[in-house]
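Worksheet: one structure, shown below.
The values are calculated or read from the model by the stated rules, or taken from the named source; none is laboratory data. Quick caveat, the model's predicted, so the values are computed rather than measured. Positions of Cβ are generated from backbone atoms using ideal geometry, with glycine treated the same way; all protein chains shown enter the neighbour counts. Surface accessibility is based on the protein's heavy atoms, side chains included, excluding ligands, DNA and RNA. Shrake-Rupley method; radii C 1.70, N 1.55, O 1.52, S 1.80 Å.
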Amino acid sequence: MSDKRMVAKQAPRFEMDAVMPNKEFSKVSLEDNMKDDKWTVLFFYPMDFTHVCPTEIISLSDRYEKFNDLDAEIIGVSTDTIHTHKAWINTSRDDNGLGELKYPLAADTNHIVSREYGVLIEEEGIALRGLFIISPEGELMYSVVNHNNVGRDVDETLRVLQALQTGELCPANWKPGQKTLSL
């Protein structure tokens, strides 16, 4: 795992095969989001067909419109293949599947992107739960990595995205609509 600071630097560029919301195979890249002047919410999860992962993936999909309203694109990533992703998407939520998703799931089968973002558990070949918010200019603005036993909070991700988009100083517990700090 990388010990180098990444936040406030240019994010590692990537292009990966992915299953798109229409269930077709395509590619996703940071460059495409940057060309479209979009923020990128890039999140890594350990593997398909597990227990905590679908709760996060589905929660992000259920809130996709809010991210879209904030000019942000979500990309989910694991080291599984696009074929495994598609099988999981085609499995109903009642059967521990994902059902319909509103954003792509990318396959980092060669582990390059997981390694570059410092979330790869080398000895297991899977990613930790890492979440990164990248500006339209490609700057890595936010990074959080936690143990695979604990899912992430979608509301907190939205709050941080909105705080970053103010371009201002936001105090602890800041919520959208509240005053920011002035110098």
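The label-point distance for LYS35 and VAL145, in a model that sets each label 7 Å from Cα toward Cβ, rounds to 3.0 nm. Pick out, from MET47, TYR142, HIS85, the residue whose Cα sits farthest towards the positive end of the charge dipole of the chain, with +1 on the Cβ of Lys and Arg and -1 on the Cβ of Asp and Glu. Highest projection toward the positive end goes to TYR142. Normalised by residue number, the volume inside the convex hull of the Cα atoms of the stretch 136-183 is 106 Å³ per residue. Of the trypsin sites (Lys or Arg not before Pro) in the stretch 140-180, the ones in a loop by DSSP (not H, G, I, E or B) with at most 15 other beta carbons within 10 Å are LYS179. Rounded to the nearest 0.05, the FRET efficiency derived from the C-beta distance between GLU65 and GLU123 at R0 = 30 Å is 0.20.
Counting every C-alpha pair in the chain, the share spaced more than 27 angstrom apart comes to 23%. Along the chain, the exposed loop sites are GluC sites (Glu not before Pro) outside DSSP states H, G, I, E and B with at most 14 other Cβ atoms within 10 Å, and the longest stretch free of them is 25-99.
Annotation: the stretch 1-68 has a Kirkwood hydrodynamic radius of 14.4 angstrom, from the mean reciprocal C-alpha pair distance.
About its Cα centre, the stretch 1-141 has a charge dipole of approximately 160 debye under the convention of +1 per Lys or Arg Cβ and -1 per Asp or Glu Cβ, with nothing else charged. Across the accessible surface of the stretch 39-113, with the other protein chains kept in place and a 1.4 Å probe, carbon and sulfur atoms take up 50 percent. Annotation: amide H-H contacts under 5 Å for GLU139 (H modelled 1.01 Å from N, sequence separation of 5 or more, or interchain): ALA11.
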